[in-house]
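Student: My structure is below; once you've seen it, I'll send some questions.
All of the numbers you see were taken from the coordinates with simple rules; none came from a lab. Computed from a predicted model, the values in this text were never measured in an experiment. For neighbour counting, all protein chains shown are included, and Cβ atoms are generated from backbone atoms with ideal geometry for every residue, glycine included.
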Amino acid sequence: MRVLRVPRRTPGALCALLLLTAPVSCTAARGDDAKPAAASAPLSPFERLLPAPASVVPEGLGYAFGAGTVVRTGGPGAPEEVRRVGELLAEQLRGPTGLPLPVVDGEGGEGGDGVRLRLDGGAGELGEEGYRLRTTPTGVTLTARTPAGLFHAGQTLRQLLPARGTGTVPGGTVTDTPRFAYRGAMIDVARHHFPVEQAKRYVDQLSQYKMNTLHVHLTDDQGWRIAVDSWPRLAEYGGGSEVGGGPGGSWSKDEYRDLVGYAADRYVTVVPEIDMPGHVNAAQASYGELTCDGRAPERYTGVKVGFSSLCVGKERTYEFIDDVLGELAALTPGPYLHIGGDEAHSTPAADYAAFMDRAQAVVARHGKKVMAWHQLASARPAPGAVLQYWGHDRTSAAEKAAVATAARAGHPLVLSPADHAYLDMKYDKQTKPGLAWAGYVPAPRAYSWNPGTYLPGVPESAVLGVEAPLWTETVSTRSDWELMAFPRLLSLAELAWSPAAALDWTAHRLRLAAQGPRLDAQDIAYYRAPEVPWP
Ligand code: ACM
């Protein structure tokens, strides 16, 4: 693969370069972490891009969007999918610009003006998701090897235009590829039920920052949220509770399919999680046969963990997980089924290992790959199983070492360190929703860690990516969800996408600030973190 030789520039250096090439205003003063956040001077559009791209080369004059701008999706023979990506991009741009932006077939090359989407099967250096965005006075050309890359290019283009109104995309070339293949967010719809529409809204939000995975924690002690035809009481009865005693709810199979399709259109893969052998009270309340004594417990609306366990010695348990995982696999085009495996405090260690052996075999039989929380490392992870690390600074060295050993044995890691990546941790003691068992996570803390060097003994090559989980014991409304997720989700998106050399809080906090008007324009109820100089 050809290595791109254009170094990524620091914002200051980029600004200096821009001053040589275009009449833009730059500031040399970059603020300082220790000082209170001050209003920042305007950044150039390239400097505002979040996640920071791998390479930007400003050059010449830009392209002014106007009433005549069209989106061109390739000539005869161009795949239908490119047309679909172009339609979606046009729709995303019409709202803020107010322009008609018709999508036309033909002249996907340099030939016609406007926005041109171009698949280039030979652009190997752009990989599975990378893209090039080149702007000249006649238009903006988006080039990628895959439709996913074109989609990401479109998200960059959105950010090169004003949050509201039309404008000029600056001249030059952005060449960009992700650092990590897995860039995820998790939503817990079990502790509190949320409608599929809220999950789709989150897909819109995270995909514009180039995240590509939505992990959905579908089941827990407090509620079962997905219809299973062979065990209907799971959703019908087990769905009817949530933390605090609210009505709960569940998703039909059609609603789940709708979410999966909506996400796929935005190049987001859904990873469904059925947590086991612990976190199963809602299932056991629905079917007493899932307990060892055959008696169904009451539904549970508190916030304790670790008190429930499937009955490891009972064959009916394995018929249950085979049915559930089989139906879920059939609904899920993505490669992974997440089987939890965390906090199984009521399952003896030998039983836990025996259970997880069989559960992993069930996943494989249904044609999927296993994903599980990192406690599986202490049992017998199946070949290829992906482990999701959720420890923190006070996690024992022995526990971290078990994860590192598994990683070196070939188990890819997704990193969700709770004291950096858990979006349900309070920012500080004033934050109304949220928990603090892993400590407070103010905005700089969400950003200030390096996934490639984070776990001792784990090489970057073993890190599949980064995920930001949002647990909902204390989160029951859209506004609380968005308050906890934003802006920290954006910081984690940058950690997952941008090259290590681009990671710098002082510059990142200015990029965050620049997103404020975009978040406002999308009515996202973000937290105005005091460390960020919001406009
Ligand atoms: C977890 O936070 N129990 C994965």
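Student: If I model a spin label at ASP428 and SER252 as a point 7 Å from the Cα along the Cα→Cβ vector, what separation in nanometres do I get?
Tutor: It is 4.7 nm.
Student: When a/c is below 1.5 the answer is rounded, else prolate if a/b is larger than b/c, else oblate, so apply that to segment 475-515 with a ≥ b ≥ c taken from the square roots of the Cα gyration tensor eigenvalues.
Tutor: Since a/c reaches 1.5 and a/b is larger than b/c, the shape of segment 475-515 is classed as prolate.
Student: Now a separate question. In nm, to one decimal, how far is the modelled label at GLN198 from the one at SER448, with both set 7 Å along Cα→Cβ?
Tutor: With each label placed 7 Å out from Cα toward Cβ, I get 3.2 nm.
Student: Could you state the orientation-averaged shadow area of the convex hull built on the Cα atoms of segment 441-535, in nm² to one decimal?
Tutor: In nm², the orientation-averaged hull projection of segment 441-535 is 6.9.
Student: Now a separate question. Note down the nm distance, to one decimal, between modelled labels 7 Å out along Cα→Cβ at GLU399 and at ALA64.
Tutor: Label-label distance for GLU399 and ALA64, simple model: 6.0 nm.
Student: Let me ask something else. Roughly how large, in nm² to one decimal, is the mean projection of the convex hull of the alpha-carbon atoms in segment 88-240?
Tutor: Details: hull surface 48.3 nm².
Over all viewing directions, segment 88-240 projects a mean Cα-hull area of 12.1 nm².
Student: Classify the chain from the C-alpha gyration tensor, please: rounded if a/c falls under 1.5, else prolate or oblate depending on whether a/b exceeds b/c. Intermediate results must be reported in sequence, preceding the final value.
Tutor: Numbers: a/c = 1.92, a/b = 1.67, b/c = 1.15.
Since a/c reaches 1.5 and a/b is larger than b/c, the shape of the chain is classed as prolate.
Student: Further question: Cut-off under 18 Å on the C-alpha distance; same-chain residues fewer than 8 positions from LYS200 excluded. Which lysines are left, in chain and number order?
Tutor: LYS210, LYS253
Student: In addition: Please compute one quarter of the surface area of the Cα convex hull for segment 247-365 and express it in square nanometres.
Tutor: Seen from a random direction, the Cα hull of segment 247-365 projects 8.0 nm² on average.
Student: Still on this structure, I have one more. Using the Kirkwood formula on the Cα atoms of segment 304-378, what hydrodynamic radius do you get, in angstrom to one decimal?
Tutor: 12.8
Student: Can you give me the relative contact order of the chain as a percent, contacts being Cα pairs under 8 Å and 6 or more apart?
Tutor: 14
Student: What trypsin sites (Lys or Arg not before Pro) does segment 413-463 have in DSSP loop regions with at most 16 other beta carbons within 10 Å? Let's see the in-between values first.
Tutor: Working: sites: LYS426, LYS429, ARG445; in loops: LYS426, LYS429.
For trypsin sites (Lys or Arg not before Pro) across segment 413-463 that sit outside H, G, I, E and B with at most 16 neighbouring Cβ atoms in 10 Å, the list reads LYS429.
Student: Rank-order 270-280, 312-322 by packing density, defined as the average count of other C-beta atoms within 10 Å over each peptide's residues, highest first.
Tutor: With the highest mean Cβ count within 10 Å placed first, the list reads 270-280, 312-322.
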